[in-house]
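Note sheet for the following structure.
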């Protein structure tokens, strides 16, 4: 690892900026921790504190139905000093996690996989950002900063995913699977990334070595590694909690069945508030199926760019997963700059970004009107989460369009620059 | 034999100067027992009601005097002069019809018609029907006499005969001298009359609608305002305003006087002892007295000390509050009655505090409360309630003591003010909260309905003492409301409740008139009864409204588009500029590729078939150079924190100086930045026109975003800032010959500087005659204590946008 001066600069400034923010506005972390846009039931730092309190007093952390996060977080956080008397070490721990995530992004970017992979080579190779710029986009994204300051545990899932990807593009497929196992253990949904990730590893393997492994065997082998890593982590968790089914139902059951309908930026809560109980199970099934269905479709259609499939799936998760927060959006925004060469092909960036900006300002305002001022109602906030999702969807659809266009231009070099007619 | 009837009856031919007594005696004389009995049966309920409204003495004076004489006079006139006949009249039925007539007018005002099939019959005609029916059914009835009585009744009901009532001073004197209250059973004193003196329901003055010759006619008409506004109405059925009888009368006044005397003495003593000049300083002895009175009345009492420091001024004091636990409730909900020792205008609120004390004692004895009632006595209207309400919700700062005693969720608050000795004429209702938040319109309507409808006291708003419902008056009311909302400061003790979603208003007696503290007390009693009825928090009616009269408002759906259009203008301009950065008319004739696709995107989105020109002519592809514009715009917005911090944290003596310094900074800084940008910051390449467009685009985008968000929170502020920023859409870097550029941009800069935040502040202060220091001290106080964020909007939204506008214009010089 060659220490790059620019990288050190960016990382240093990002670190100092975060430190300055918590020193100048000591109330900011707690404020952000309480925001529904940042903290959901499955990543809230407040709930983690509750679980930690129970855990350190030898009570099952899942008693009381407040804590729904993975049990392995508890021993890690019990090592950190008490958050009320000394919040800085915890904050710095989170800053470091952010920096580590950014470093993983640098690795991904510098592998060049987003531009040139086994089956695909982008047409506009010269338009790209280097790893440090990509990391800077991630580190200085207000959503990332807000997530980091709110000490949301989503950052660990983000780490898992980013390291899985960075190891995959680096050809280190076993580590990739282990990292993905960690992410899936924490949040369940990253398991959906398995297929595109294995494809990234597979392509990488084919490129680097002459003898090609059998595809089916390769996939099965890696599935086994993933399963083993998850099982290992579950076993550890069992050791910690002592009651296997209790923690499974409190964590993964909570993810799958969506019993907590606290408002968030996603689409599920309002839908299930309105739902009659008799239809609930059916629609939970439909919603999960909908979420999972993108994996197959995107992977098949964009077979040549599995890394792009991962990026797009992260965008899909940010919109359609049960408890989304802005940290999911920030992860998607972190992956997008890897595809800088697609930006000229995108058509609605300004509109999408305006929609996202509008909703990120109006969201808190409407939430305030609903909850605090009492002069609005739930529909105000839900309308804004719809706009937020719309903005993200436009961005996502637009980026997929440009990726497809890029593939098409690669296949038809003579057609470059011709008009696309949409009928 | 001397006949009483012959002596006292109203016989037209017998009337001369010597027999004028007949004009007043005839109602007392009846022809027989049954005549008297029937009349007495009809008269008793009507007269009883009249007496309850006007007091015993007034009733006697009126009925023995003018209300007998006037109908008789008219009767004589018609009977003798016009009809030349001589029908004698006796009996009190004349009074019955007079009272019926006056009642009918009152009914007509609240309920103008009753429907009989398809016909709408005005209610004022009902005594006429009665008169006709009676004439048909009973023989020997004077139809003409009754008609005359009804006529006088109408006149009385319409309030034209007010002048007949003996002055209150004389009545009081008689009352006092004869001790009538003590001697007579069922005596209704001057102070006990329940309704307004001439208990007439408030009428809306529609005469102004046809008023054409107004100087602002070219702007609009009342008709247009009518089309865009609605009459207020009570939306929450549970409130039932004015449906209960208010019993706060009679002996309570003695208690009021007693309490007032005690407090007055203590205040005077304290002032002498401490030799203080400040008239409104509350002595500890007086506070202790409040404490002991509340305790004696059987309330749970507690105190809370607090201290705030803002702009180098320390505000401290002690709140006293007592809680009546609801006999029929479970202490989950409460109503707050606030009396501050100093009113919002810093006057001594002695009668208000006394009234609250009297009400506390009075309410305690009622068993019908289903919500707790909290009586809060604060030293002033600015800090006291804020400290109390913060502590009530456990959100108080260190310098404020927590509350030892609490009740349930607060449902509403009413602030009582009565800062003078004389009687008042109208109630002024203050309703604006901190940061432009308003109470539910139902609360305001309840106050108006009770004050106007039940008590007969008119209600004013926004200091519009003479509101004739004309176009100008309506506009002025709205303007004042919007100014207060936009500035977002606390307009009274009630304002602090608003951020906690507790609807609150202040009732201020104003003017010199007939109404006394008992009338105010009854109004508050009736309001508490209405709030007591609530089954859930006030939520039915509007939270966003602009009032143009006490009975007319504009709802959010009507007015919000205006602010959104202003905010939208910036966004549209930002999009236009963004697209423009895609073109390079001056560099290459061939429009480069990817950018063109972007620039064309919206122009064609409407079409069914969307054509996209996507050229991949990479070499010519102009990238938008966004790093510098993004950094500059973000940086300047963050720079806004500097004045924000400065104006909220320095000592108040330096505010004026700081303002002038900022005026200078605002002149120099844009030129400096413009020079820096034009010369490429000394290191990098000079800035290109595209980047100027991008800077402007980002700045306007942010401005539009912020203002449209703000419009949902504080419409007026967004509207005002939007108007002040409107020129920023249209200015940019100038091109053309140097001389022209210099001239125009210098002129433009001067004009723009006139619209800069500090200059606007100075201008407004000069116009209103308030010192800059006062305004800024108040603003800093608002920031520190009330949680007011008008400054954030000024310094972090308006100022950066303005600054970037100036930099754009200034860059044409360099």
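Please find, among A:400, A:394, the residue that is buried (at least 19 other Cβ atoms within 10 Å of the Cβ), under 23 Å from residue A:319 (Cα atoms) and more than 12 Å from chain B (Cβ to nearest Cβ). Before the answer, list the steps.
Details: A:394 fails: more than 12 Å from chain B (Cβ to nearest Cβ).
Going through A:400, A:394 in turn, the sole match is A:400.
Residue under question is residue B:447, and the condition is that it be under 23 Å from residue B:253 (Cβ atoms), part of a helix (DSSP H, G or I) and under 11 Å from the mean Cα position of the chain (by Cα); does it hold?
yes
Give just the number: which of (1) surrounded by 23 or more Cβ atoms within 10 Å (Cβ to Cβ); (2) within 14 Å of chain B (Cβ to nearest Cβ) does residue A:372 not satisfy?
The single condition residue A:372 does not satisfy is (1).
Can you spot a residue in segment A:98-113 that is more than 14 Å from chain B (Cβ to nearest Cβ), assigned to a loop (DSSP other than H, G, I, E, B), modelled with pLDDT under 90 and under 30 Å from residue A:304 (Cα atoms)? Step through it out loud before you land on a result.
Keep residues of segment A:98-113 that are more than 14 Å from chain B (Cβ to nearest Cβ), which gives A:98-113.
Now restrict to residues that are assigned to a loop (DSSP other than H, G, I, E, B): A:112-113.
Then drop every residue that is not modelled with pLDDT under 90, which leaves A:112-113.
If we keep only those that are under 30 Å from residue A:304 (Cα atoms) too, we end up with A:112-113.
Yes, because at least one residue in segment A:98-113 is more than 14 Å from chain B (Cβ to nearest Cβ), assigned to a loop (DSSP other than H, G, I, E, B), modelled with pLDDT under 90 and under 30 Å from residue A:304 (Cα atoms).
Being more than 14 Å from every other protein chain (Cβ to nearest Cβ), modelled with pLDDT of 90 or more and either surrounded by fewer than 20 Cβ atoms within 10 Å (Cβ to Cβ) or not in a helix (DSSP H, G or I) (or both) is the requirement here; does residue B:547 meet it?
yes
Taking the condition free of Cβ contacts under 8 Å to residues at least 40 places away in the same chain and outside any helix (DSSP H, G or I), does residue B:770 pass?
When the stated conditions are applied, residue B:770 passes them.
Conditions tested, residue by residue: (1) modelled with pLDDT under 90; (2) farther than 21 Å from residue A:176 by Cβ.
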| position | (1), (2) |
| --- | --- |
| A:222 | no, no |
| A:226 | no, no |
| A:233 | no, no |
| A:237 | no, yes |
| A:274 | yes, yes |
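So which residues in segment A:403-417 are outside any helix (DSSP H, G or I) and either away from chain B (no Cβ under 12 Å) or within 13 Å of residue A:345 (Cβ to Cβ) (or both), if there are any at all?
Of everything in segment A:403-417, those that are outside any helix (DSSP H, G or I) and either away from chain B (no Cβ under 12 Å) or within 13 Å of residue A:345 (Cβ to Cβ) (or both) turn out to be A:416, A:417.
Scan segment B:226-269 residue by residue and report those that are in contact with a strand residue (DSSP E or B) (Cβ under 9 Å, 6 or more places away or on another chain), at pLDDT 85 or above and in a loop (DSSP other than H, G, I, E, B).
Matches in segment B:226-269: B:229, B:232.
I'd like to check something: does segment A:288-304 contain any residue that is closer than 28 Å to residue A:108 by Cα, buried (at least 24 other Cβ atoms within 10 Å of the Cβ), more than 14 Å from every other protein chain (Cβ to nearest Cβ) and within 17 Å of the chain's Cα centre (by Cα)?
No, that holds for no residue.
What residue, among those in segment A:117-143 that are more than 14 Å from chain B (Cβ to nearest Cβ) and farther than 28 Å from residue A:17 by Cβ, is nearest to the chain's Cα centre (by Cα)?
That would be A:117.
Do the conditions hold for residue B:363, that is, is it assigned by TED's automatic domain parsing to the domain that holds residue B:263, within 17 Å of residue B:302 (Cα to Cα) and either in contact (Cβ under 8 Å) with a residue 40 or more places away in the chain or surrounded by fewer than 24 Cβ atoms within 10 Å (Cβ to Cβ) (or both)?
no
Pick from B:583, B:559: which is modelled with pLDDT of 50 or more, at negative phi and touching a strand residue (DSSP E or B) at 6+ places or on another chain (Cβ under 7 Å)?
Of B:583, B:559, the one residue that is modelled with pLDDT of 50 or more, at negative phi and touching a strand residue (DSSP E or B) at 6+ places or on another chain (Cβ under 7 Å) is B:559.
Please work out which one of (1) under 30 Å from residue A:128 (Cβ atoms); (2) away from every other protein chain (no Cβ under 14 Å); (3) surrounded by fewer than 18 Cβ atoms within 10 Å (Cβ to Cβ) is the condition residue A:353 fails and give its number.
Going through (1) under 30 Å from residue A:128 (Cβ atoms); (2) away from every other protein chain (no Cβ under 14 Å); (3) surrounded by fewer than 18 Cβ atoms within 10 Å (Cβ to Cβ) one by one, residue A:353 breaks only (2).
Do you know which of the residues in segment A:214-262 that are in contact (Cβ under 8 Å) with a residue 12 or more places away in the chain and not in a helix (DSSP H, G or I) is nearest to residue A:289 (Cα to Cα)?
Checking each candidate, the answer is A:258.
Taking the stated definitions as given, is residue B:524 assigned to a helix (DSSP H, G or I), touching a residue at least 24 places away in the same chain (Cβ under 8 Å) and touching a strand residue (DSSP E or B) at 6+ places or on another chain (Cβ under 9 Å)?
yes
Quick test for you: out of B:199, B:153, pick the one residue that is in contact with a helix residue (DSSP H, G or I) (Cβ under 7 Å, 6 or more places away or on another chain) and at pLDDT 70 or above.
B:153
Which residue, of A:367, A:382, A:358, is at pLDDT 85 or above and facing chain B (nearest Cβ under 7 Å)?
A:358
When segment A:337-350 is examined, which residues are found to be more than 9 Å from chain B (Cβ to nearest Cβ) and crowded, with 23+ Cβ neighbours inside 10 Å?
Answer for segment A:337-350, where residues must be more than 9 Å from chain B (Cβ to nearest Cβ) and crowded, with 23+ Cβ neighbours inside 10 Å: A:338, A:339, A:342.
Confirm whether residue A:80 is in contact with a helix residue (DSSP H, G or I) (Cβ under 9 Å, 6 or more places away or on another chain) and in contact (Cβ under 8 Å) with a residue 40 or more places away in the chain.
Spelling it out, it is not the case that residue A:80 is in contact with a helix residue (DSSP H, G or I) (Cβ under 9 Å, 6 or more places away or on another chain) and in contact (Cβ under 8 Å) with a residue 40 or more places away in the chain.
The values are calculated or read from the model by the stated rules, or taken from the named source; none is laboratory data. Because the structure is predicted, anything quoted here is derived from the model rather than measured. Quick reminder, even Gly has a Cβ in these numbers, built from the backbone with ideal geometry, and neighbours come from all protein chains shown.
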